Amino acid sequence: MLCEIITIGDEILIGQIIDTNSAWMAQQLNMIGIKVKQISSVSDDREHILKALKEASDRVQIVLITGGLGPTKDDITKKTLCEYFGCEMVFNESQFEMVEKIFSSFGREVTPINRKQAEVPEICTCLVNQNGTAPGMWFDVDGIVYVSMPGVPYEMMGMMSNQVLPMLKDRFKTPVIRHRTFRTQGVGESLLASWIETWEDALPAHMKLAYLPAAGQVRLRISATGEQAEKLDEEIEQQAVLLYELIGKHIFAESEVELEQVIHQWMIDHNKTLSTAESCTGGTIASMLTKLPGASKYFEGSTVCYSYEIKERLLGVKTETLKNFGAVSEETVKEMVEGALKLHQTDYTVAVSGIAGPDGGTEEKPVGTVWIAIGGPDGIKAKKFRFSTNRERNITMASLSALNMLRKYLLKQED
């Protein structure tokens, strides 16, 4: 079963907003066995919209449309859909009552322009918008289903989850699809692929593996298609066991769990405390942890120490160490750990010092060179990393690598 997503709005095409709707919709469709054939973005232009609808109808059985359903003159989706289907616009009393109810909840009366939200193409089935005034519209014409939804993400998501997806599953009797995602850090996509090549080649025909790389991380997603959910779950579990045997120490979590969440939960579960001493990451690690609710239960503080003076004065890094080895060195990050443990009085600490770039590198220590150290009851462990020449990427990579080093330290895993 194939689907095309069409997003409508000049604001997308000029880069004023990012189309997050399509990515989310594609994920949800894939989970119920509907494959997205194409994603298109079109302007608020009648001819452009009509052409996109016609081309989509030649490719797929399902066309999902978002955007252009507001009450203002530039919102032309409803009018254009009427033209496309050769039908008239009618006033929907039930939809108007919903609009009135929403306005009443804010102590306001419906304006003439908002009254237009109750006007819909006569052949559509209205979909309830529980988060706004613009209704969704379902058309089933010549074997093709067209669904028009608001462009506001939370309005679209509510409508899609509560109405559109169940209706599509019922209309097309989609197969069962099961996914399981494994998250790794610190190992490149090509290296992972070489380690699991034999296992991947042996996957059953109804199972596929997808590599989803990002800065410092690679997600591995197993997808299985069939008729029985329980059987698919059992088969995926069998493959997961084999995968863990091959690369288990590199998998830090499953699903959409982030690395900082793993550290966060471990600290809370074990009633331990944590601090950070950050130079090139500038407090990024601390920010990643403290954005999570409940971080105050274990996170004591962070020392952001860019200059030599702050490293010496707050963390007690020796002048001779900085002079002889430099700020980006094993010796310095180890002394940063010692100082942070003493200053913050925590069970564990993470220290990072590096050259984020784009300037500051040398032949001996080029941009992207980072030293990370972890300290705790099992002593201090330090490791050198070489990342890229991009400053933002280096900060992200260093922060994730530091958290993963801490994870392995806590679990007593060796690299």
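Values in this text are rule-based calculations from the coordinates and carry no lab data. Given the structure is predicted, the values throughout are model-derived calculations rather than measurements. Cβ coordinates were reconstructed from backbone atoms using ideal geometry, including for glycine residues, and neighbour counts include every protein chain displayed.
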Computed FRET efficiency, Cβ-Cβ of GLN265 and GLU330, R0 41 Å: what is it to the nearest 0.05? 0.85
Range of Cα positions in segment 259-410 per principal axis (Å), largest first: 44, 30, 22
Who wins for biggest fluctuation among ALA253, ALA373, ALA214 in a Gaussian network model of the chain, springs between alpha carbons below 10 Å? ALA214
Over segment 12-96, what relative contact order in percent results from Cα pairs under 8 Å that are six or more residues apart? 19 percent
For the pair LYS51/ASP170, report the inter-label distance in nm, with labels modelled 7 Å from Cα in the Cβ direction. 3.8 nm
Using Cα positions and a limit of under 17 Å, work out the aspartates and glutamates in reach of LYS54, with same-chain residues fewer than 8 apart set aside. GLU4, ASP44, ASP45, GLU83, ASP140, ASP142
Taking the chain as a Gaussian network, Cα atoms linked when under 10 Å apart, which of PRO112, PRO366, PRO135 shows the biggest mean-square fluctuation? PRO112
Within segment 146-185, backbone nitrogen closer than 18 Å to the virtual label 7 Å beyond the Cα of ASN30 toward Cβ: 161, 165, 175-184
For segment 150-204, treating each Cα as an identical point scatterer without solvent, what Debye log10 I(q)/I(0) comes out at q = 0.25, 0.28 1/Å? -1.02, -1.17
When a footprinting reagent is the concern and you count Cβ atoms within 10 Å, what order do LYS412, LYS79 take, fewest first? LYS412, LYS79
List the equivalent ellipsoid semi-axes of the chain in whole Å, largest first, each obtained as the square root of 5λ for an eigenvalue λ of the Cα gyration tensor. 51, 27, 20
Mind listing the Cα extents of segment 2-172 along all three principal axes, in Å, largest one first? 44, 33, 32
How large is the dipole of the chain about the Cα centre if only Lys and Arg carry +1 and Asp and Glu carry -1, each at its Cβ, rounded to the nearest 20 debye? 800 debye
Please report HIS264, HIS270 as a ranked list, fewest other C-beta atoms within 10 angstrom at the top and most at the bottom. HIS270, HIS264
Is any residue of segment 149-184 close enough, with backbone N under 19 Å, to a label point placed 7 angstrom from the Cα of GLU11 along the Cα-Cβ axis, and if so, which? 149-160
Beta bridges by DSSP in the chain, antiparallel share as percent, to the nearest 5: 65 percent
Projected onto the charge dipole of the chain (unit charges on the beta-carbon of Lys, Arg, Asp and Glu, signs +1, +1, -1, -1), the Cα from ILE355, TRP24, ILE177 with the largest positive-side position is that of ILE355
Distance in nm between pseudo-label sites at GLU300 and VAL241 (7 Å out along the Cβ direction from Cα): 4.4 nm
Net charge over other residues, Cβ less than 12 angstrom from the Cβ of ALA373 (K, R count +1; D, E count -1): -1
Order of LYS297, LYS173 from fewest to most other C-beta atoms within 10 Å? LYS173, LYS297
What is the Cα centroid distance between segment 250-297 and segment 343-415, reported in whole angstrom? 14 Å
Cross-link pairs LYS272/LYS381; LYS101/LYS173; LYS208/LYS383; LYS318/LYS383 - those with Cα-Cα distance over 30 Å: LYS101/LYS173; LYS208/LYS383
Starting from 0.36 nm per residue, how many nanometres of slack lie between SER104 and GLU189 once their C-alpha separation is accounted for? 25.1 nm
Computed E for GLU414/GLU230 - FRET, C-beta separation, R0 41 angstrom, nearest 0.05: 0.65
How far apart, in nm, are two points set 7 Å out from the Cα along the Cα-to-Cβ line at ILE310 and at SER161? 4.0 nm
With +1 at each Lys and Arg Cβ and -1 at each Asp and Glu Cβ, the charge dipole magnitude of segment 2-172 around its Cα centre, to the nearest 20 debye, comes out at 360 debye
Tell me, how many Å apart are the Cα centres for segment 11-64 and for segment 134-181? 13 Å
Summing -39500 (n - 2.57) over every DSSP H run of at least 4 in the chain, dividing by its residue total and rounding to the nearest 500, the 222 nm mean residue ellipticity is -12000 deg cm²/dmol
